[in-house]
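Derivation of every value follows stated rules applied to the coordinates shown; laboratory data play no part. Quick caveat, the model's predicted, so the values are computed rather than measured.
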Amino acid sequence: MSEHPETQPPASDPYDDATRAAAAAARAEKNRRFADGEGPSPDPAGSHFDRRIRSFQPRRSRVSTNQGDALRRLWPQWGIEIDGKQRLDLGELFEGRPVVLEIGFGMGEATAQMAADDPDTGILAVDVHTPGQGNLLGLAERNGLGNVRVANGDAIILLTEMLHPESLDGVRVYFPDPWPKKRHHKRRIIQPEFLTLAASRLKPGGFIHCATDWEDYAEQMLEVLTAHPDFENSQPDGGYTPRPAFRPLTRFEGKGLDKDHVVHDLIFLRK
């Protein structure tokens, strides 16, 4: 399962910046689960940005004992807060490995499997689902996965404010929220604006790999990716990509297949 995109139209704000900042701080304190530096923050970017487009919809779920323990012990070493205040040095963070950004990783099993199968590639995995963050950190520790870092917060802010141009070798967006109602389609993350942003952070020849089991979303993905001037389809026939062996079958995907959903993969390359 991936992060949930949410689009909000511009609106006049009756509060001044100080009031907004105080309100954001109060919400963060109310939702805090971990002491400073010992785990992910409830809203790391606070009120620093006007986020009319989000790459997620916050979800609150119960954190198990093991997940909480993993977060407290491993977050200072492997966790990244998406606060938009600094540029990340991916070369230093991943010891010179090529880096793939994964937007939304659910409970992290597929991410951990891909990291184990390809230890020479760094995975910057972004989500706001605290149990999943803890689960992935625990999997990384148990399996000795030094090529995984877990980022907490809005992937749009990460891309816009914290990553250097042409710093990524790939972007993965697996099973994002389909926003099935037509009036909500504008909230889907795979839109021209997002693709332009992703392209600016990808190296030439880098890839964006999407997967969905929602038929009309797959059609939209194919349409907007094909039309975007910065990308070209990896498939000579211009269609969908056969499911690659390196993408593990997730529990979320398995549930869809049990319901006779058809899963479509799309891999486009940055020109």
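Structure above, values below:
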item	result
Eligible lysines near LYS181 by straight Cα distance, threshold 24 Å, same-chain separation 8 or greater	LYS255, LYS259
Nonlocal amide H pairs with ARG172, under 5 Å, H built at 1.01 Å	LEU101, GLU102, ILE103, HIS209
Cα gyration tensor shape for the stretch 88-169, rounded if a/c is under 1.5, else prolate or oblate	oblate
